[in-house]
Structures are given as C-alpha cells and as structure tokens.
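The values are calculated or read from the model by the stated rules, or taken from the named source; none is laboratory data. Predicted model, so just to flag it, every value in this text is computed and none were measured. Using ideal geometry, Cβ is built from the backbone for each residue, glycine included, and neighbour counts are taken over all protein chains shown. Each accessible area value is taken on the protein alone, full model and side chains, heavy atoms only, with ligands, DNA and RNA left out. Shrake-Rupley method; radii C 1.70, N 1.55, O 1.52, S 1.80 Å.
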Amino acid sequence: FISKLYPKEFDFDTKENFVAFNAAFDRSNLRFGERIGQILSDTAKVLKELSEILPIKFYSHMQTDEVILPFLQSYGVPYELVRLNQKDPKFIIEAYSKPKLVIGMRGHAQMVPFGCKTPIISIVSHDKMQWFLDDIGKPEWGVDVLSENYREDLKIKVLSVLENTTENIAIIESKQKEFFEISIENVKLAMKAT
C-alpha cells in the first residue's frame, strides 16, 4: 500500500500504453523443471502476439533475469530493456507506476506494481507468487508455468486484464485500503503492548 503512504507520488489518472515484463531465473531448476525451454518459448510467443497490440518493456532486476532475452529475440519480440538493479527506490516506483500491466515471475514484479496501483499477471513459477495472489483475493491473476495450457492461459489472462484496466485499478485501490486499515490497527495494537 505504498500509494497510501505517499499519495502525492501516485496522483495520476492514466497509465502509459505499454506492458512491462519480468522473468526470474534464480533457482530455475525448481521454477521450471525439465520444461524450461518450452516454457520460455511459449512465453516469448505470447509476448510476440502482445507486442502487436502494445509495446513491451523488459524490467530486469538482476543480470540473470536477462536469460530470457535470447528467446524474445529469436521470436522477434520487440522490447525495450529497463535495468532496475542498483537504481534508487524512487526510480523503481516510477517504473512500476507507468505500465498498463506488469507480467512478472518474481515477487518484486507483483508486489511493487500492486503497491503502485498497476494491474498484474503473475507467471507462477514459485509458490510465494500464488500466495500473494491468494492474499489479495485474485488467484485468477496468476498463470502456473507447469500447466499443460500455460501458453493459452497466459494469453487469455493478459488480454482480459488489459481489457479491464480501470476496473482492476479500482480492485487494487480497494485492497490497498483494506490492507492499510488492517496495518494501522496492527500498529495501534503493537503500540499499546509496549
């Protein structure tokens, strides 16, 4: 709920017309198993189709995130590389405040945009990704990389979220308000206990 803590930083009416994408490859054997090549190819194919509708920016949190770039290049996906590592928090917050949608494989690529009122689709390659979606009451904003229908599921969910940007931002704002109020009550209880 960072937008509740710093409301002036998030005083805007529209998102910019692009999709941000992030991939993660730490513990890749656990994330993808033996199907890593197929999963990355399927992801690149969906991004290729998406790039015909909206520009793609690849948000890199660390050097290993860029392992997917040869797949994007081999499928002719046009993208702009945006490196977020070693950037100050304000730069990262601004980056995640701009897109119409963030498609991400790491927790930072779902929690930070969510805090910035940016709709998300999470590529679930780690249980914690799904846990966050469950916590916010939107499990359908995730796509399991190990699903037999991964490519089709990803495409359908991305297009659905893009068609409902305004409604999804309203859902995020409502959840942020709920979590902020819970946190304020928790702080009050903690302060009474000390």
* **Residue, farthest from I120 (Cα to Cα), within segment 146-184, restricted to residues that are part of a loop (DSSP other than H, G, I, E, B) and open to solvent by 90 Å² or more (accessible area, probe 1.4 Å)** => E148
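Pick from V187, V143: which is buried (at least 19 other Cβ atoms within 10 Å of the Cβ) and either out of contact with any Cys (no Cβ under 8 Å at 6 or more places or on another chain) or at pLDDT 95 or above (or both)?
Details: V187 fails: buried (at least 19 other Cβ atoms within 10 Å of the Cβ).
Of the residues listed, the single one that is buried (at least 19 other Cβ atoms within 10 Å of the Cβ) and either out of contact with any Cys (no Cβ under 8 Å at 6 or more places or on another chain) or at pLDDT 95 or above (or both) is V143.
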* Go over the candidates K87, K48, K117 one by one and state the one that is among the charged types (D, E, K, R) and either under 11 Å from the mean Cα position of the chain (by Cα) or closer than 25 Å to I171 by Cα (or both). => K117
